[in-house]
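Undergrad: Handing you this structure, nothing more for now.
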C-alpha cells in the first residue's frame with residue numbers, strides 16, 4: 001500500500017530538507033546552488049490530488065548550479081547517496097511500459113530507477129521552458145511569445161534555497177506583465193469575445209441548439225481566461241482552467257452564470273460579460289465604459305459589445321512594439337495546439353510572424 005497522500009510541494013520540500021540539503025551540506029558545503037520545485041506539474045499549481053500519484057508525480061526537485069563541474073559532482077552525489085524513500089514515497093522513477101516519456105514511481109527497487117532531482121543551469125533551463133533567459137531582460141517580444149501556462153509554471157511552485165538570488169530575480173521579473181503588455185493582452189482577450197458573442201443568439205434563433213452551446217462554451221473558456229488575466233493570474237492549460245478560476249476572488253458570483261452560459265443561456269452570458277466588464281473598469285487600465293448589455297443591431301438578443309473594451313485598452317497602449325502589432329495577443333491567444341505551445345522555438349517563430357502591422361494594427 002502506498003503511504004498517505006502528501007501534496008507534491010510538501011513532498012518536494014521534504015525531499016530537500018530531509019535528504020538533499022543534508023547531503024550537499026556534508027559533502028559539498030562550498031557549492032552555491034538554488035533549490036526549488038517549478039516548471040510543469042499539477043503540484044506546482046497546488047492542484048495535485050491522490051489521483052495525480054499514478055504517473056509523473058513523486059518526490060521531485062530542481063537544483064540550479066552555474067558551474068558545470070559543480071553540476072557533475074552534485075549528480076554523482078545524488079546518484080550514489082540519495083535515500084530510497086522520503087516520507088514513505090520512493091525517490092526514484094522508472095519508465096512507464098509502452099508509454100514513452102511517462103514516469104512511474106519505482107516501488108520495487110528496479111535497476112532502471114532514476115531519482116527526480118533535476119540538476120541544471122538556470123539560464124539553460126529557462127531557455128528550454130520559455131525560449132529566453134529572463135536574467136538578461138524580458139522584452140515585449142519575449143512576453144508575447146511565452147504561453148501563459150509556461151510563465152505560470154516558472155513563477156508557481158516554491159523556492160527552498162536561493163542564497164545567490166538569481167532564481168528569485170527570474171521569478172520576480174516574470175511575476176506579471178508590464179502594464180502596456182497587460183493592456184494589450186486584455187484587449188485581445190476581449191476581442192476574442194467580441195468576434196463571436198452575437199453568434200450564440202443567432203445559432204439559437206436558427207434552431208441550432210448544439211451550435212449555440214458550442215459557441216457559448218468557447219466564450220465561457222475565453223471569459224475564464226479573461227477573469228484570470230484581470231486578477232493578474234496566468235491562465236493554466238485547459239485541465240486546470242476551471243480550478244484556477246475557482247480560486248479567484250468573486251468567482252462564486254460568476255460560476256453559476258458561466259455554468260448556465262454553457263447551455264446557451266443568453267441572459268446569463270450577457271450578465272457574466274457585464275460583471276467582468278465592471279472588473280475591467282476597476283483596473284484603471286482604460287477609460288471606464290458602460291457595462292450594460294445591449295441588442296446586437298436590431299436583433300433581439302443581448303451582447304456586451306466587447307469590442308468597445310478592446311478599443312479603450314488599445315488607446316492607452318504606448319509601447320512602440322505593441323502599437324504596430326495587430327490585436328492578436330500573446331501566442332496562446334491565437335494558438336491552442338498543445339504540441340506547439342510545448343515548443344518555445346515554435347512559439348517564438350509564430351509570435352514573430354505576427355509582429356507585422358496589418359489593416360487591424362493599433363493606430
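Undergrad: Any chance the range 45-66 includes a residue that's touching a residue at least 60 places away in the same chain (Cβ under 8 Å) and loosely packed, with under 13 Cβ neighbours inside 10 Å?
TA: Taking every residue of the range 45-66 in turn, none turns out to be touching a residue at least 60 places away in the same chain (Cβ under 8 Å) and loosely packed, with under 13 Cβ neighbours inside 10 Å.
Undergrad: Another one. Within the range 10-40, can you find the residues that are in contact (Cβ under 8 Å) with a residue 60 or more places away in the chain and under 24 Å from residue 234 (Cβ atoms)?
TA: Correct list: 11, 12, 13, 34, 35, 36, 37, 38, 39, 40.
Undergrad: Check off (1) in a helix (DSSP H, G or I); (2) assigned by TED's automatic domain parsing to the domain that holds residue 241; (3) in contact with a helix residue (DSSP H, G or I) (Cβ under 7 Å, 6 or more places away or on another chain) for residue 289 and give me the number that stays unchecked.
TA: Unmet for residue 289, out of (1) in a helix (DSSP H, G or I); (2) assigned by TED's automatic domain parsing to the domain that holds residue 241; (3) in contact with a helix residue (DSSP H, G or I) (Cβ under 7 Å, 6 or more places away or on another chain): (1).
Undergrad: Only one of (1) closer than 20 Å to residue 175 by Cβ; (2) surrounded by fewer than 19 Cβ atoms within 10 Å (Cβ to Cβ); (3) at pLDDT 95 or above is not met by residue 249, so which one is it?
TA: If we test residue 249 against (1) closer than 20 Å to residue 175 by Cβ; (2) surrounded by fewer than 19 Cβ atoms within 10 Å (Cβ to Cβ); (3) at pLDDT 95 or above, just (3) comes out false.
Undergrad: For the range 34-49, which positions are over 19 Å from residue 247 (Cα atoms) and in a loop (DSSP other than H, G, I, E, B)?
TA: 38, 39, 40
Undergrad: Ok, one more. Residues being over 26 Å from the mean Cα position of the chain (by Cα) and either on the phi > 0 side of the Ramachandran plot or not in a loop (DSSP other than H, G, I, E, B) (or both): count how many of those fall in the range 60-92.
TA: Residues flagged as over 26 Å from the mean Cα position of the chain (by Cα) and either on the phi > 0 side of the Ramachandran plot or not in a loop (DSSP other than H, G, I, E, B) (or both) within the range 60-92 amount to 21.
Undergrad: So, one more: Residue 177 versus (1) part of a helix (DSSP H, G or I); (2) crowded, with 20+ Cβ neighbours inside 10 Å; (3) under 23 Å from the mean Cα position of the chain (by Cα): which is the lone unmet condition?
TA: (1)
Undergrad: Every residue in the range 234-264 that is outside any helix (DSSP H, G or I) and in contact (Cβ under 8 Å) with a residue 40 or more places away in the chain, please. Steps first, answer last, please.
TA: Restricting attention to the range 234-264, the residues satisfying the condition of being outside any helix (DSSP H, G or I) are 234-237, 247-250, 262-264.
Within the range 234-264, 234, 235, 236, 237, 262, 263, 264 meet the criteria.
Undergrad: Given the structure, is residue 128 in the same structural domain as residue 157 (by TED's automatic domain parsing), outside any strand (DSSP E or B) and either in contact (Cβ under 8 Å) with a residue 60 or more places away in the chain or surrounded by 19 or more Cβ atoms within 10 Å (Cβ to Cβ) (or both)?
TA: yes
The values are calculated or read from the model by the stated rules, or taken from the named source; none is laboratory data. Remember, predicted model here, so these are calculated numbers, not experimental data. Positions of Cβ are generated from backbone atoms using ideal geometry, with glycine treated the same way; all protein chains shown enter the neighbour counts.
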